[in-house]
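Report on the structure given below.
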There are 4 protein chains.
Amino acid sequence: MDVGFIGLGSMGKAMASNLIKAGHALRVWNRSPEPANDLVAAGARALNHPAEAFAGDAVITMLADDDAVRDVVLREGVLDAAAKHMVHVNMATISVALAQELVAIHKKRGLAYVAAPVFGVPEAARAAKLNILAAGEEAAVSRVQPLFDAMGQKTWPLGPEPHRANAVKLAGNLMIGAAVEAMGEATALGRAHGVSSADLLDILTKTLFPGPVYQRYGASIAAGTYEPAAFKLRLGLKDVRLALQAGDATHVPLPFGSVLRDNLLAAVAQGDGEKDWSALADVAHRRAGLKG
Amino acid sequence: MDVGFIGLGSMGKAMASNLIKAGHALRVWNRSPEPANDLVAAGARALNHPAEAFAGDAVITMLADDDAVRDVVLREGVLDAAAKHMVHVNMATISVALAQELVAIHKKRGLAYVAAPVFGVPEAARAAKLNILAAGEEAAVSRVQPLFDAMGQKTWPLGPEPHRANAVKLAGNLMIGAAVEAMGEATALGRAHGVSSADLLDILTKTLFPGPVYQRYGASIAAGTYEPAAFKLRLGLKDVRLALQAGDATHVPLPFGSVLRDNLLAAVAQGDGEKDWSALADVAHRRAGLKG
Amino acid sequence: MDVGFIGLGSMGKAMASNLIKAGHALRVWNRSPEPANDLVAAGARALNHPAEAFAGDAVITMLADDDAVRDVVLREGVLDAAAKHMVHVNMATISVALAQELVAIHKKRGLAYVAAPVFGVPEAARAAKLNILAAGEEAAVSRVQPLFDAMGQKTWPLGPEPHRANAVKLAGNLMIGAAVEAMGEATALGRAHGVSSADLLDILTKTLFPGPVYQRYGASIAAGTYEPAAFKLRLGLKDVRLALQAGDATHVPLPFGSVLRDNLLAAVAQGDGEKDWSALADVAHRRAGLKG
Amino acid sequence: MDVGFIGLGSMGKAMASNLIKAGHALRVWNRSPEPANDLVAAGARALNHPAEAFAGDAVITMLADDDAVRDVVLREGVLDAAAKHMVHVNMATISVALAQELVAIHKKRGLAYVAAPVFGVPEAARAAKLNILAAGEEAAVSRVQPLFDAMGQKTWPLGPEPHRANAVKLAGNLMIGAAVEAMGEATALGRAHGVSSADLLDILTKTLFPGPVYQRYGASIAAGTYEPAAFKLRLGLKDVRLALQAGDATHVPLPFGSVLRDNLLAAVAQGDGEKDWSALADVAHRRAGLKG
């Protein structure tokens, strides 16, 4: 397929690379041009303007946040120039509110819009092992299924309304944050009783709590090492905010989400925003007077 | 070994049964005599008084809570009559404070005391697949290791101070409660956006959150069915209280624990105390105005 | 003084009326024209467009929320046409972020901007008993001081940076919300022990907690009557959101604010958004299984 | 009246002194004998054993906490020796559970029991300005009314069940704690926006929040000075725990109470347990990265 790709951060670049490997013709654009170079070397064509990405069979956008989506996709002239038969696949983690706004904007222009946020770190993206949450009109999702197959291990269909996929993504990130905070509190309790974080988490992640989330962030907490960041704490805060906003808009109180936001803010206030978001455990430990 | 066994609830009975199968000589006592009958049929000897259980190589107590331990183990004459070479293995989920008190009481009498709380439901107990958290003097733990081997899939050593095993058990239960609340909030958020609890949890428990906790309680939440209870909500509340008390005594704030306690109390106030503790999700859903 | 006045809700109308009584020449505008009629009868001149209000010595805006301010004050042509010597006094409860944005916008146009949010219900506004929190350049505040004197019992100066007044207003509303929730929890505890809300609050508001907040909202809770609303719960939720946003932007965790938001959302989800915000107590009582 | 008085801390001593001034015959006992000396100089008789205090018309107990009450009042022989016509007036802040236990114990012995906890600091006790919450059988309360009149500015009757007075006392202390935390969060928000704690609290305590609680603790927060303590933080924690226990026993979730407990624990963990409990504000400020 002829595919435009916008947003070449560590996730986007890995995903675009897998599309090239699968034989798709990629035209790529990124705000800063450097990340495109490797992809061009692998056969992609670099674009000068994001509008040019909306010309082929599909365009994938993998931008950092709501602001970036507004700045690039809703930039004057971008959607107006889009090919009518094209499918826009937005794979970024954005707010439910923006997803709903984008649905309306695309509908008005007769453009197909699919929301397809993913679960998976850059390593999983490189290995084409992402889990893709896909929502949008069935015909549109079907057309881009080959692209999903090239980037992910599985596509999870969530029906015709795109914003549902975003809600599931935010709910999942809320659960990740809750797992991290739970490990932070459990290890504070353990340490106060003479059990090291490593011993406690070794038992719990090998028995009740297997799986990537507990193991990845548990390893950081066990080691007490939060740099380099697998996922930056300030980005975790951004995602928790989005979950709380989605809850607020539909009158869903999320008390764990509220505690998470407060603790993440405390972490940022204490200078830990650029660390891994498992540094939440440090907030829990400091609060209990336990040394780092 | 010649083993006394006190406390034949669904967990205790399964554990005692596995000890008999492994060839140990069991002498059993329970407050109500019925549960002993099946074990007697399998070869155990029923006792008339708990003091008689403290006569052999080891005695295992698997009582319901702190009050039951006080009532049975600290009953006048019970520990005073204990054989000096015997090891008392307390496998119940009790408070850290009572564990520390029991250590002192045993020490004064020259009796060996091992704390060995377990992770695992009755089904795991029957299959001899418990995870056993063992803490106490090394010599004492070694002597009862054959008993652990007959009841569990693995023994996790936690050093010489018995209360540490209790702290880890309570920290683990706190993490279980947190996982349940997180699923409750995530599914409330999903439902408010048109995604069923079943769809959301199917994705999350097959990707980021595998393992027995998310799968067992997730299945209840997906089905919206909280009876019969795998683990009663009021017992979950009891364990969260114990974690909070252990935190309080060592000045460890546990904000997730506090939210859990408040939500569990709300559940009990609304008549859900005898349901499975995944009924926490119902609290989250009702709070958001979502119908059951 | 020649004063433009925009926003004639129950607060604005009372404030404008007091300015007329004090001898100022009022030119008034409101989105719906009816509220202007009484003021015209008292001597004000009704305007056809908000831009016309920005022509005299000062313009006071008393709009409902951020959106209304954006829609009216930032409407194309409004600020561009403003008289250069004029002082814009924004007395509405708006976000700190919008206050900062308005400061920059006015500065660019060489216009004086004073933030002057108020504490006081419509009754206090009618009696010219408002407490006015005023921040902005000293010269500008001095020029409009006669207007403040006509509307309030006291002006509290908060220095040259306008957004500080908004921060204090939001902090004050957070404290009001906290007082209401505290009464809700205290009366739930009392009722569960056989003490009526009326008895408990009679004691507490006549001893430790005198003052308008505890007395007004305490009276509603004592009576269990939340209609008609002195201050609508959904507006309380709006203000708590603004406090949380101001905290978020400066990395200030506000755990009471978070609890308030969650409980207010639960109230709205259960259909109480139009009731008085003391209906928060109902959330606390229902959560405890206490009947209304 | 012939009155026994047990517990001569700063509160008890001042109360006993006022009884002497009012012409009552006081017989006093305290664990450490020194505090009795001044009272003996004023006309009281010092006792050698608490049992001797239960001999006259009434005995007032003003002990530090549940443990002290158990240790002194429930000491073997104390209640057994009590005069049958006597009224025991327990004015300490104790748990609802202990109050209920004491009711049962007194009833079994045919002794009258009145709960009469107070609102007021030592200064108010010295000035005979306490607010007394009195609950117990009407005849018993009437008999000791002259004593209340000598110690307080007003007696608030709470009906025949003693524990109700304790519940109101705990609910009131919960509201005090909530007011302090609210000031801590509000001033953190203010400071982050350039408003000093002193300026913010000056406005709020002179407008919306008059009264002794906001003024006393607000003054400490404004000054950032938490020593010497008007009321020690660790005692505030004790009282919040008692409120939470009373809530727990009746299934009343108290989310503000939970936040308070967590923040008070954090304060103790950071070494502030002996400071005034307005040092809660320091927890709020530190959490936001604001320097002391």
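Quick notes
- Among residues of segment D:233-243, those that are at the interface with another protein chain (Cβ under 8 Å from one of its Cβ atoms) and open to solvent by 10 Å² or more (accessible area, probe 1.4 Å), counted: 1
- Hey, D:TYR217 under 19 Å from the mean Cα position of the chain (by Cα) and more than 10 Å from every other protein chain (Cβ to nearest Cβ) or not: yes
- Filter pass, B:GLY211 being in contact with a Phe, Trp or Tyr (Cβ under 7 Å, 6 or more places away or on another chain) and either open to solvent by 10 Å² or more (accessible area, probe 1.4 Å) or free of Cβ contacts under 8 Å to residues at least 60 places away in the same chain (or both): yes
- Here B:ALA219, B:ALA246, B:ALA230 are screened, and the one residue that is surrounded by fewer than 24 Cβ atoms within 10 Å (Cβ to Cβ), in contact (Cβ under 8 Å) with a residue 60 or more places away in the chain and of a type outside the set (D, E, K, R) is B:ALA230.
- Residue list for segment D:80-104, restricted to those being among the small types (Gly, Ala, Ser), modelled with pLDDT of 95 or more and open to solvent by 40 Å² or more (accessible area, probe 1.4 Å): D:ALA97, D:ALA104
- The conditions of being within 10 Å of another protein chain (Cβ to nearest Cβ), surrounded by fewer than 24 Cβ atoms within 10 Å (Cβ to Cβ) and over 22 Å from D:LYS21 (Cα atoms) are not met by D:ALA188.
- Counted residues, segment B:51-79 - those being surrounded by fewer than 22 Cβ atoms within 10 Å (Cβ to Cβ), under 15 Å from B:SER32 (Cα atoms) and in contact (Cβ under 8 Å) with a residue 12 or more places away in the chain: 3
- Cross-chain or 6+ apart pairs with Cβ under 9 Å, segment C:105-131 first and crowded, with 20+ Cβ neighbours inside 10 Å, then of a type in the set (Asp, Glu): C:ALA112/C:GLU137; C:TYR113/C:GLU137; C:VAL114/C:GLU137; C:ALA115/C:GLU161
- Residue within segment D:262-272 that is open to solvent by 20 Å² or more (accessible area, probe 1.4 Å), charged (D, E, K, R) and modelled with pLDDT of 95 or more present: no
- When the residues of segment D:137-148 are filtered to those that are without any contact (Cβ under 8 Å) to a residue 40 or more places away in the chain and crowded, with 17+ Cβ neighbours inside 10 Å, the one that is farthest from D:MET62 (Cα to Cα) is D:VAL141.
- Members of segment D:10-20 that are under 13 Å from the mean Cα position of the chain (by Cα) and either open to solvent by 40 Å² or more (accessible area, probe 1.4 Å) or under 14 Å from D:GLY56 (Cβ atoms) (or both): D:SER10
- Selected residue [basic (Lys, Arg) and either outside any helix (DSSP H, G or I) or more than 22 Å from the chain's Cα centre (by Cα) (or both)] from A:ARG191, A:ARG164: A:ARG191
- Applying a threshold of 9 Å to beta carbon distances and a minimum spacing of six or more residues, or different chains, the list of pairs starting in segment C:164-185 at a residue that is more than 7 Å from every other protein chain (Cβ to nearest Cβ) and over 27 Å from D:LEU244 (Cβ atoms) and ending at one that is buried (at least 24 other Cβ atoms within 10 Å of the Cβ) and among the polar types (S, T, N, Q) reads C:ASN166/C:ASN90.
- The residues of segment C:21-50 that are open to solvent by 30 Å² or more (accessible area, probe 1.4 Å) and outside any loop (DSSP other than H, G, I, E, B), listed by number, are C:LYS21, C:ALA25, C:ASN37, C:ASP38, C:VAL40, C:ALA41, C:ARG45, C:ALA46.
- Test set (1) under 21 Å from D:ASP67 (Cα atoms); (2) out of contact with any helix residue (DSSP H, G or I) (no Cβ under 8 Å at 6 or more places or on another chain) - D:ALA97 fails condition number: (2)
- Of the criteria (1) closer than 17 Å to B:ALA288 by Cβ; (2) more than 14 Å from chain C (Cβ to nearest Cβ); (3) surrounded by 24 or more Cβ atoms within 10 Å (Cβ to Cβ); (4) small (Gly, Ala, Ser), which one B:SER196 fails: (3)
- Pick from segment D:253-280, criterion acidic (Asp, Glu) and touching a residue at least 24 places away in the same chain (Cβ under 8 Å), ranking: nearest to the other protein chains (Cβ to nearest Cβ): D:ASP272
- Residue check, B:GLY257 assigned to a loop (DSSP other than H, G, I, E, B), within 17 Å of A:PRO255 (Cβ to Cβ) and touching a helix residue (DSSP H, G or I) at 6+ places or on another chain (Cβ under 6 Å): no
- Residue selected from segment B:199-208 under the condition in a helix (DSSP H, G or I) and among the β-branched types (Val, Ile, Thr), by the criterion surrounded by the most Cβ atoms within 10 Å (Cβ to Cβ): B:ILE203
- Residue in segment B:149-156 that is under 22 Å from the mean Cα position of the chain (by Cα), more than 10 Å from chain A (Cβ to nearest Cβ) and surrounded by 24 or more Cβ atoms within 10 Å (Cβ to Cβ) present: yes
- Looking across segment C:209-247, the residues that are assigned to a loop (DSSP other than H, G, I, E, B) and out of contact with any strand residue (DSSP E or B) (no Cβ under 9 Å at 6 or more places or on another chain) come down to C:PHE209, C:PRO210, C:GLY211, C:GLY224.
The values are calculated or read from the model by the stated rules, or taken from the named source; none is laboratory data. Model, not experiment: these values are computed from the prediction. Cβ: placed from backbone, ideal geometry, glycine included. Neighbour counts: every protein chain shown. Ligands, DNA and RNA are stripped out before the accessible areas are found, and what is left, the full protein with its side chains, is counted by its heavy atoms. Shrake-Rupley method; radii C 1.70, N 1.55, O 1.52, S 1.80 Å.
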